[in-house]
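*Asks:* Below you'll find the structure I mean.
The values are calculated or read from the model by the stated rules, or taken from the named source; none is laboratory data. A quick note: this is a predicted structure, and the numbers were derived from the prediction, not measured. Note: ideal-geometry Cβ built from the backbone for every residue, glycine included; neighbour counts use all protein chains shown. In case anyone asks, the SASA skips ligands and DNA or RNA and just uses the protein heavy atoms, side chains included. Shrake-Rupley method; radii C 1.70, N 1.55, O 1.52, S 1.80 Å.
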Amino acid sequence: MAADFHLAEKSVQLTNLFPWVWRETGVADGLGEYYPLSLWAQPLHTFFGLLALGTIPFEIQAKIFGLVILILGFWGIWRLLDKFDLDNAAKSVGSIFFLLNSFFLLLFDGGQLSLALAYGILPTVILYFLKITETDLWRDKFKLAFWTLILSIADIRIIYLSLLIVFIFIAFRILTGLKSPLIFFRRLLLGFSITSIVLIGFHMYWLLPTLISKQIQLPQTYERTSQVTFLSFSSLSHSLLLQQPHWPQNVFGRLASPRPEFVFIPLLAFSVLILAKRNTTVAFWLLISIISIFLSKGSNEPFGQMYSFLFTYVPGFSLFRDPSKFYFLTSLSYSILLAFLVQALSKVKFLPVLFILYFIFLARPVFLGQMSGLFSFPLFQKEFDSLAEKIKNDVNFSRVFWIPATAPMGYTSTSHPTAPANRLSQKRPFAVGTKGTYETFNFLREAPYMGQIFDVAGIDYIVYPYLDPRRDNMHKDNIRYFYTFLDQLSNRPWLSKIENSPIPLLKTKQHQEKFFITPDVWWVIGSDSIYNEATKSAQLKLSKNALIFAEEKAGLGRRIDEIPEAKIILNNKTGLDLTASFIDSTHLVFPAKSLGFGPDQSGWWKRETADLVWWRSFLQEKYGIDNQDFDLGGGWAIGEGNLKFALPMAVSFETIRNLKLEKNKVLLARVMESSRSGSLKFYQDNQLVGELLTKIDGETNVRWFEVGELSSDKELEIISEGDINVVNVLAVLDKDKWITYQTRAGQLKGRIVNFDEKNALRDTSPEVTYKKINPTKYKVKIEGLTAPSLLIFSQNYDQLWKMNNQTPLPVYSLLNGFRVEKDGEYIVEFKPQKYVYPGLVISGITVTVLLVLLIRLPPFNKLRVN
């Protein structure tokens, strides 16, 4: 659960009763997202949804849930320590430390309740794992499966941490000597098999639609090692001291220096090595603590490159972009080591009391009101409540744009989903309006067309909360900027400030409903700089004109026949670019896919689609040029200076397969022309295939060129000259295929027009009404349609949405567009949802069988050993 999960209106909680694979509220950017990979926590959402049926305020629900976490955490660690035959004083010290360390307290304070639940359950999972290695009790095996299942519901990633402990334990036992290895491994195999069956069976309600749809959507930047570097907040000192680097303010990115009072934690924990009797259990947990300390610091020194290596090459390790998750293991191992220390010093009276007083002293910010989350009293409570009432009174659907992100007390509902600026700013129509990299949200001020993007995105309100003195830097420059930016927004022609709002609130001049009709459709070959033209005439505004950018995604251009009435725009492009848009995506080769983010041995490097803002800023600052062309989703291969680049030797096997270098085939390339470029020469076996002159005096542009005919099937070498050359994509085609594409483009010449008022002739206003059946299904009724048009569905584009089995087209690089020819009722639904239902049957059977076995199995029913 996110930090603001507990602030959802009752309608959101009721919606979350059922596992919908598409969600618009409580996640992402307010425009919805395919949600299966986070549905492991559905039972928690269902739990809170059931509570919402009553009259208990969610603030009370959260406190009850927090109490459950504390009870489970204390019970779990106590029982694990009891497994090691420790006395009550030792167990008390270990258990209290487990729940009073800075890592757990900040999880709770930050509202990460599902992670806090996983933290509390982890000791119980480890306990039953240890038990199944020692006995043949069936009941223990099913208890391991049960508690691992609960752990997966809380946060499935933490299973990976438990498996890390398991693998280290197995290796440790092997190294220290196994008395009966066959029995040991048979017990492990049986326990793991039962647990795996239970986990897979229960989670089929989201695994099944994920596997069948074969579409797992992760952010493009998710698996970059740069993410690890960015999120490696913990230094070696922080990790060793078990001081969460954001302690105690819990403000993302604002790091606290290691505090001297924490130094006694590792000193006491590691002193057990000297003061306690020789013990393999102690040695094992010392090993766990050392490994977790090393991993929790992430890519920071020493040996920071080791974490990056693990992140890149070890399966599943990319789940831990934020290395602080390894604090789970540090706090668990420290708790056990401290308990063993108290046991070793049991003759020292009052020592447990001193330890507990020390832990309370470390946690004093909680008791002194110095926290900024759930452990604190919220600022502006009345103001946010008043704001919520104001938005509630608007009965029409619209989204609420929050700067910089949805506030902890921010209101959200199914009628008014929150659209956080820090998420929407990464979407193409918003990112392309951003100037430079310093002001993240200046697209609101700088992009003249932004009001129209907000219009089609259904955003009616902008909330810009006051700075929070507990969490924000209250330097006078920051305060001045806040009011300056607020004033700038208030003066935008498409916005008006609501004067009587207790929290700064702005309203857009107009916004579209979730479904609306655009009478004109434009097929754009070129960049989205054309948005600026939409501001010059009421006839050209985006709510009347659907723009489909054919160069946004590879292969999209081939779908032009689906919209025969679409007008074609060549935005600073030629007929060759229109022709190349028909090339099948399987025949395209993106050199960037085989390059790193820094120069390799050839000197070439890359940037990807998600790097748009950085890429434009780089071009502007270093070379004084600018370009906002699309990259077909394949990124840019960049060469600075005079360089050589060989294909296929420098690229992946997939690229070699797609390239198919054969004699007499036609080589095409999509490259950048600019005043700082020079030339690109293509050679095969020292013979020139063709040369592209990429230096021009005019506007920087990216377009297709026909390089020439290949002379053999030999390696292709690219030689670049000039300050900077950029290659987007290559294609190798049969002559006949290329002629076919040219013929097709020639047939479309009559549809090529300028994007101007003269060509925007149609202006109809059909009536569109809709009924939301559930978050994945809508019934839409259209009346008064006089000509084929595009029905716009303002949710994030996803090809798995269907309207009467029609696949949508991406409109404005953001929304879904369906072609409609006549009046009638249409069903718009998200197809993967239908696979949830059979998955739920399997899930229900699995949990029923598990519970029956747990109830019916006698506690001492043993597996017979032959």
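*Asks:* Looking at 663, 681, which one is among the charged types (D, E, K, R) and either closer than 23 Å to residue 551 by Cα or assigned to a loop (DSSP other than H, G, I, E, B) (or both)? It would help to see each step written out before you state the result.
*Replies:* Values: 681 fails: either closer than 23 Å to residue 551 by Cα or assigned to a loop (DSSP other than H, G, I, E, B) (or both).
On inspection, the qualifying residue turns out to be 663.
A quick yes/no check of all residues on (1) part of a strand (DSSP E or B); (2) modelled with pLDDT under 95; (3) out of contact with any Cys (no Cβ under 9 Å at 6 or more places or on another chain); (4) farther than 28 Å from residue 532 by Cβ:
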position: 726; (1), (2), (3), (4): yes, no, yes, no
position: 732; (1), (2), (3), (4): yes, yes, yes, yes
position: 739; (1), (2), (3), (4): no, no, yes, yes
position: 742; (1), (2), (3), (4): no, no, yes, yes
position: 746; (1), (2), (3), (4): no, no, yes, yes
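*Asks:* Within segment 138-169, track down each residue that is polar (S, T, N, Q) and assigned to a loop (DSSP other than H, G, I, E, B).
*Replies:* Scanning segment 138-169 gives no hits.
*Asks:* Tell me which of these residue 135 doesn't satisfy, since it passes every other one: (1) among the hydroxyl-bearing types (Ser, Thr, Tyr); (2) assigned to a helix (DSSP H, G or I); (3) open to solvent by 10 Å² or more (accessible area, probe 1.4 Å).
*Replies:* Here residue 135 clears every test but (2).
*Asks:* What residue, of 631, 626, is over 16 Å from residue 552 (Cβ atoms) and modelled with pLDDT of 95 or more? Spell out how you get there, then give the answer.
*Replies:* Numbers: 631 fails: over 16 Å from residue 552 (Cβ atoms).
Checking each option against the conditions leaves just 626.
*Asks:* Within segment 597-622, how many residues are of a type in the set (Ser, Thr, Tyr) and either under 30 Å from residue 735 (Cα atoms) or open to solvent by less than 20 Å² (accessible area, probe 1.4 Å) (or both)?
*Replies:* 1
*Asks:* Out of 340, 375, 350, 359, which single residue is free of Cβ contacts under 8 Å to residues at least 12 places away in the same chain and farther than 20 Å from residue 162 by Cα?
*Replies:* 350
*Asks:* Let me ask something else about it. Checking residue 599 against (1) at positive phi; (2) under 29 Å from the mean Cα position of the chain (by Cα), only one condition comes out false. Which one?
*Replies:* (1)
*Asks:* I'm trying to understand the selection: among the residues of segment 769-795, which are over 18 Å from residue 519 (Cα atoms), β-branched (Val, Ile, Thr) and open to solvent by 40 Å² or more (accessible area, probe 1.4 Å)?
*Replies:* 773, the sole residue that qualifies.
*Asks:* Give segment 73-119 a look and list any residue that's assigned to a loop (DSSP other than H, G, I, E, B), open to solvent by 30 Å² or more (accessible area, probe 1.4 Å) and of a type outside the set (Asp, Glu), or say none.
*Replies:* Listed by number, the residues that qualify are 84, 112.
*Asks:* Could you run through segment 326-369 and say how many residues are of a type in the set (Gly, Ala, Ser), open to solvent by less than 20 Å² (accessible area, probe 1.4 Å) and closer than 19 Å to residue 279 by Cβ?
*Replies:* Counting residues in segment 326-369 that are of a type in the set (Gly, Ala, Ser), open to solvent by less than 20 Å² (accessible area, probe 1.4 Å) and closer than 19 Å to residue 279 by Cβ gives 3.
*Asks:* Assess whether residue 749 counts as being without any contact (Cβ under 8 Å) to a residue 40 or more places away in the chain, in contact with a helix residue (DSSP H, G or I) (Cβ under 9 Å, 6 or more places away or on another chain) and surrounded by fewer than 19 Cβ atoms within 10 Å (Cβ to Cβ).
*Replies:* Taking the combined requirement at face value, the residue does not satisfy it.
*Asks:* Which of (1) open to solvent by less than 20 Å² (accessible area, probe 1.4 Å); (2) aliphatic (A, V, I, L, M); (3) not in a helix (DSSP H, G or I) is the odd one out, the single condition residue 374 does not satisfy?
*Replies:* Result: residue 374 fails condition (1) only.
*Asks:* Further, regarding this structure: Filter segment 796-830 for residues that are more than 23 Å from residue 551 (Cβ to Cβ), open to solvent by less than 50 Å² (accessible area, probe 1.4 Å) and of a type outside the set (A, V, I, L, M, F, W, C) and give the result.
*Replies:* Of everything in segment 796-830, those that are more than 23 Å from residue 551 (Cβ to Cβ), open to solvent by less than 50 Å² (accessible area, probe 1.4 Å) and of a type outside the set (A, V, I, L, M, F, W, C) turn out to be 802, 824, 826.
*Asks:* A further question follows. Of everything in segment 309-325 that's in a helix (DSSP H, G or I) and open to solvent by less than 30 Å² (accessible area, probe 1.4 Å), which residue is modelled with the lowest pLDDT?
*Replies:* Taking segment 309-325 and keeping what is in a helix (DSSP H, G or I), we get 309-313, 317-319, 323-325.
From what is left, the residues that are open to solvent by less than 30 Å² (accessible area, probe 1.4 Å) are 311, 317-318, 323-325.
Details: 311: 89, 317: 89, 318: 86, 323: 94, 324: 93, 325: 95.
Among those that are in a helix (DSSP H, G or I) and open to solvent by less than 30 Å² (accessible area, probe 1.4 Å), it is 318.
*Asks:* Go through segment 667-689 residue by residue and tally those that are out of contact with any Asp or Glu (no Cβ under 6 Å at 6 or more places or on another chain), open to solvent by less than 10 Å² (accessible area, probe 1.4 Å) and not basic (Lys, Arg).
*Replies:* Total satisfying the criteria: 9.
*Asks:* Confirm whether residue 158 is aliphatic (A, V, I, L, M) and within 29 Å of residue 247 (Cα to Cα).
*Replies:* Spelling it out, residue 158 is indeed aliphatic (A, V, I, L, M) and within 29 Å of residue 247 (Cα to Cα).
*Asks:* Hey, another quick one. Can you name the residue in segment 553-596 that is charged (D, E, K, R) and outside any loop (DSSP other than H, G, I, E, B) and is also surrounded by the fewest Cβ atoms within 10 Å (Cβ to Cβ) among such residues? Steps first, answer last, please.
*Replies:* Step one: of segment 553-596, the residues charged (D, E, K, R) are 553, 558-559, 561-562, 565, 567, 573, 577, 584, 593.
From what's left, outside any loop (DSSP other than H, G, I, E, B): 558-559, 561-562, 567, 577, 593.
Working: 558: 16, 559: 16, 561: 9, 562: 12, 567: 19, 577: 23, 593: 16.
Taking the candidates together, the pick is 561.
*Asks:* So, in segment 387-406, how many residues would count as being under 20 Å from residue 469 (Cβ atoms) and more than 25 Å from the chain's Cα centre (by Cα)?
*Replies:* Selection size over segment 387-406: 1.
*Asks:* Another question about this same structure. Search segment 1-32 for residues being acidic (Asp, Glu) and in contact with a strand residue (DSSP E or B) (Cβ under 7 Å, 6 or more places away or on another chain), and hand back the single one that is modelled with the highest pLDDT.
*Replies:* If we take residues in segment 1-32 being acidic (Asp, Glu) and in contact with a strand residue (DSSP E or B) (Cβ under 7 Å, 6 or more places away or on another chain), then 29 is modelled with the highest pLDDT.
*Asks:* Go through segment 276-298 and give me each residue that's under 17 Å from residue 233 (Cβ atoms) and crowded, with 20+ Cβ neighbours inside 10 Å.
*Replies:* Those that are under 17 Å from residue 233 (Cβ atoms) and crowded, with 20+ Cβ neighbours inside 10 Å: 292, 293, 295, 296, 297, 298.
*Asks:* Let me ask something else. Give just the number: which of (1) of a type outside the set (Val, Ile, Thr); (2) open to solvent by 10 Å² or more (accessible area, probe 1.4 Å); (3) touching a helix residue (DSSP H, G or I) at 6+ places or on another chain (Cβ under 8 Å); (4) not in a loop (DSSP other than H, G, I, E, B) does residue 487 not satisfy?
*Replies:* (3)
*Asks:* Have a look at 187, 173 and point out the one that is open to solvent by 60 Å² or more (accessible area, probe 1.4 Å) and over 28 Å from residue 47 (Cβ atoms). Even if it seems obvious, please write down each step before you answer.
*Replies:* Details: 187 fails: open to solvent by 60 Å² or more (accessible area, probe 1.4 Å).
Going through 187, 173 in turn, the sole match is 173.
*Asks:* Oh, and also: May I ask you to verify whether residue 137 is touching a strand residue (DSSP E or B) at 6+ places or on another chain (Cβ under 9 Å) and among the aliphatic types (A, V, I, L, M)?
*Replies:* Values: touching a strand residue (DSSP E or B) at 6+ places or on another chain (Cβ under 9 Å): yes; among the aliphatic types (A, V, I, L, M): yes.
In short, yes.
*Asks:* If you don't mind, another one. Under 8 Å between Cβ atoms, at least 6 apart or on separate chains: pull out the pairs that start in segment 441-453 with a residue that is open to solvent by 10 Å² or more (accessible area, probe 1.4 Å) and end on any residue that is hydrophobic (A, V, I, L, M, F, W, C) and part of a loop (DSSP other than H, G, I, E, B).
*Replies:* So the pair list comes out as 441/403; 449/542; 451/494; 452/494; 452/542.
*Asks:* Got a sec? Which of 453, 517 is in contact with a Ser or Thr (Cβ under 8 Å, 6 or more places away or on another chain) and of a type in the set (A, V, I, L, M)?
*Replies:* Every option except 517 fails the conditions.
*Asks:* Follow-up question, since we're still on this one. Give 39, 127 a once-over and let me know the one that is more than 23 Å from residue 247 (Cβ to Cβ), in contact with a Phe, Trp or Tyr (Cβ under 6 Å, 6 or more places away or on another chain) and open to solvent by less than 10 Å² (accessible area, probe 1.4 Å).
*Replies:* The match here is 39.
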